[in-house]
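Written out below as structure tokens is the structure these notes cover.
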Amino acid sequence: MTEPVRERVVRWQDPSITAAGFRDVSGIEALRAMQRGEIPPPPIAHLMGFSLEEVDEGRVVFGALPAEYHYNPIGVVHGGFALTLFDSALGCAVQSALPAGVRYTTTDVQVRLIRGITKDTGPVRCEAKVVHVGRSTGIAEARMTDGAGKLLGIGTTACAIFRA
């Protein structure tokens, strides 16, 4: 007997709307507008199923619910799920410290996964904080925990800063 096929539909808005909403305001203003629903989240947030939960200057928290559709061939959540959540939180922490007109891009991310993640892990949160934002480089660090506060992983990033 054949196992029923599972299906997931992903819907998103035009990403140029999001980019335009970030263009002329400070990073923290744009992130807060996204959190309030005034700017749509980027397509990757819908695809991976994560959301921006908290925003402060130099600090953001992303949340996600690991699901079966995040699984790899060995029956656990793919490390790319965690890495994507880390990259998003770390980059947005740097972005939250940038003034209007200043942009960034990730140059590298390092993640150490400590515990495996499955759909039974429940909600996870990734809290990222800025370590340094200078003229050309931003550095941030993050921790990912489960609902009970158990540490699932740690990560750091470096971002190139582009000033006009």
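We did not get these values from a lab; they are worked out from the coordinates using the rules stated. On a predicted model such as this, the values are computed, not experimentally measured, just so you know. Every residue, glycine among them, receives a Cβ derived from its backbone with ideal geometry; neighbour counts consider all protein chains shown.
Relative contact order of the chain, please, whole-number percent, based on alpha carbon pairs below 8 angstrom and at least 6 residues apart.
22
Would you please give the FRET efficiency between HIS46 and THR106, computed as 1/(1 + (r/R0)^6) with r the Cβ-Cβ distance and R0 = 22 Å, to the nearest 0.05?
The value I calculate is 0.65.
Please state the Cα pair-distance histogram of the stretch 41-115 with 10 angstrom bins from zero: what percent is in each bin?
Binned Cα distances yield the sequence 17, 47, 28, 7, 1.
If each residue's Cβ is checked for other Cβ atoms within 10 Å, how do VAL131, VAL109, VAL60 rank with the fewest at the top?
Fewest to most other Cβ atoms nearby, the residues stand as VAL131, VAL109, VAL60.
Pop a pseudo-label 7 angstrom from the Cα along the beta-carbon direction at both GLU7 and GLU54 and give the gap in nm to one decimal.
Between GLU7 and GLU54, the label points sit 3.9 nm apart.
Please find, in a Gaussian network model of the chain (springs between Cα atoms separated by less than 10 Å), the residue of ARG32, ARG59, ARG23 whose mean-square fluctuation is greatest.
Checking each option, the largest mean-square fluctuation is seen for ARG23.
Report the longest stretch of the chain that contains none of the GluC sites (Glu not before Pro) sitting in a DSSP loop with at most 16 other Cβ atoms within 10 Å.
58-164
Could you quote the convex hull projected area for the stretch 15-162, Cα atoms only and averaged over all directions, in nm²?
Mean projected area of the Cα convex hull: 8.2 nm².
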